[in-house]
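The values are calculated or read from the model by the stated rules, or taken from the named source; none is laboratory data. Note that the structure is predicted; figures quoted are calculated from it, not measured. All Cβ positions, even for glycine, are placed from backbone atoms using ideal geometry, and neighbour counts span all protein chains on display.
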Amino acid sequence: MKVLALETSCDETSAAVVRDGRVLANVVSSQIALHAEYGGVVPELATREHLRNLMPVAQAALREAAVTPASLDAVAATRGPGLPSALLVGLRAAQAVAFALGKPFLGVHHHEAHLYSPWIGGEPPCADFTAFQPNVSLVVSGGHTLLVLVEAELRHRLLGSTVDDAAGECFDKVAKLIGLPYPGGPALDRLAQEGNARAFDFPRPMLSDPDDDFSFSGLKTSVRYFLRDHQEILDDGNRLRDLCASVQSAIVDVLVGKTIKAARRCGVRCVTASGGVTCNSSLRAELVAACQRDGFTPRLAERAFCTDNAAMVGVLAERKLTSGVAPSDLDEEIQPSWAL
Ligand code: KG4
Ligand code: ZN
């Protein structure tokens, strides 16, 4: 089966072609530079940019995959959650293409798609990822922080999520407090690599709570108060790097600690991670180390598939359609707030 997939839920315009579980092309046009001057994603600008870029991006994906529209078997798009007007661009375009070709259309859940991204590419390549099920999956980005139990193929249960800010939002807001440009997560990661993570002690919110929920807004606030009382740190490169390493360590401790605790309780063999924050060097290293200590097989999405991409949408759509899930109606609506 050959699927064209579109993803426009936030600030990445992406199109991918997937055939029989293999990604033939995955083209991503990022809008980061556009939103940087506003310090965050501006929905109206994101929507206009999707409208401008989606067709060129889709054409590039088809060209790279050497696939003609007529030879496609299905068209898929992210239906939600995400920015309403941004979602509309990709969903309506995919429905129109499916209508014109007379092929089935499937709208998919953005977070469910993230659950499949650790199986795209990766070393070693995975021919049969059902062998790694059940697994506990951390989905962590600028918009969401979820712990999910993947019980079996296309069957999963949400264990917990953030009650306030997402982990990526915490990275970005702390980065903004110390003057790094949006989105600050990657820059904070780079500074933290040269800092001492034990220099300052920040709270590990909800780490010891029995449930699987997260909270990151208090951590951000404690960094704000810390900086109010220690403004001199902003002009001291070494201590600034220590601050970055200390904040990052608090976020990573919570993410890793809660993921491993859930994996132990659920009795799984494998732990997976995806979403933009999974690009973080410390999270990757600490999660793999913790899995090895506890005997879990780690499977982290490759960095290129951590951030939003259409490949994961195509992989999930193909699995669904080949498993007998019915195609969606061509007038199916977006679902901006869609619980997993
Ligand atoms: O998945 P994504 O591209 O978009 C959504 O939010 O859905 O994730 C973007 C988030 C941003 O908050 C960004 O700062 C964070 O992922 N991020 C990182 C790193 N790379 C991306 N956070 C910490 N360290 C990184 N290396
Ligand atoms: Zn995402």
Query - Matching residues in the range 29-80 - criterion: being over 25 Å from Pro186 (Cα atoms) and part of a loop (DSSP other than H, G, I, E, B) - result: Ala66, Val67, Thr68, Leu72, Asp73
Query raised in the report: If we scan the range 131-144, do we find a residue that is touching a residue at least 40 places away in the same chain (Cβ under 8 Å) and part of a helix (DSSP H, G or I)?
Result: yes
Query raised in the report: Counting only residues that are closer than 20 Å to Phe129 by Cα and away from ligand 2 (no atom under 16 Å from the Cβ), how many does the range 265-283 have?
Result: 6
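State which residue is nearest to Val140 (Cα to Cα) when the search covers only the range 228-277 and only residues that are small (Gly, Ala, Ser) and more than 23 Å from the chain's Cα centre (by Cα).
Narrowing the range 228-277 to residues small (Gly, Ala, Ser): 237, 245-246, 249-250, 257, 262-263, 267, 273-276.
Now narrow it down to the ones that are more than 23 Å from the chain's Cα centre (by Cα): 237, 246, 267.
Working: Gly237: 29, Ser246: 19, Gly267: 22 Å.
The extreme case among them is Ser246.
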Query - Pair list, Cβ < 7 Å and 6+ apart or interchain, from the range 1-24 residues that are under 20 Å from Pro104 (Cβ atoms) to residues that are in a loop (DSSP other than H, G, I, E, B) and within 12 Å of ligand 1 (Cβ to nearest atom) - result: Glu7/Asp308; Glu7/Asn309; Ala16/Asn309
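Would you mind finding the one in Pro134, Pro104 that is assigned by TED's automatic domain parsing to the domain that holds Val252 and not aliphatic (A, V, I, L, M)? Even if it seems obvious, please write down each step before you answer.
Numbers: Pro104 fails: assigned by TED's automatic domain parsing to the domain that holds Val252.
Checking each option against the conditions leaves just Pro134.
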Report task. Output the residue which, of all residues in the range 163-214 that are of a type in the set (A, V, I, L, M), closer than 18 Å to Glu286 by Cα and within 16 Å of ligand 1 (Cβ to nearest atom), is farthest from the chain's Cα centre (by Cα). Result -> Ala197
Query raised in the report: Does at least one position in the range 312-331 carry a residue that is within 16 Å of ligand 2 (Cβ to nearest atom), polar (S, T, N, Q) and assigned to a loop (DSSP other than H, G, I, E, B)?
Result: no
Report summary line: Selection from the range 295-340 of residues hydroxyl-bearing (Ser, Thr, Tyr) and free of Cβ contacts under 8 Å to residues at least 12 places away in the same chain yields none
Report task. For residues that are surrounded by fewer than 20 Cβ atoms within 10 Å (Cβ to Cβ) and among the charged types (D, E, K, R), scanning just the range 178-194, find the one that is nearest to ligand 2 (Cβ to nearest atom). Result -> Arg190
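Consider Ser217 carefully, then state whether it is within 30 Å of Val42 (Cβ to Cβ), among the hydroxyl-bearing types (Ser, Thr, Tyr) and more than 14 Å from ligand 1 (Cβ to nearest atom).
Numbers: within 30 Å of Val42 (Cβ to Cβ): yes; among the hydroxyl-bearing types (Ser, Thr, Tyr): yes; more than 14 Å from ligand 1 (Cβ to nearest atom): yes.
Taking the combined requirement at face value, the residue satisfies it.
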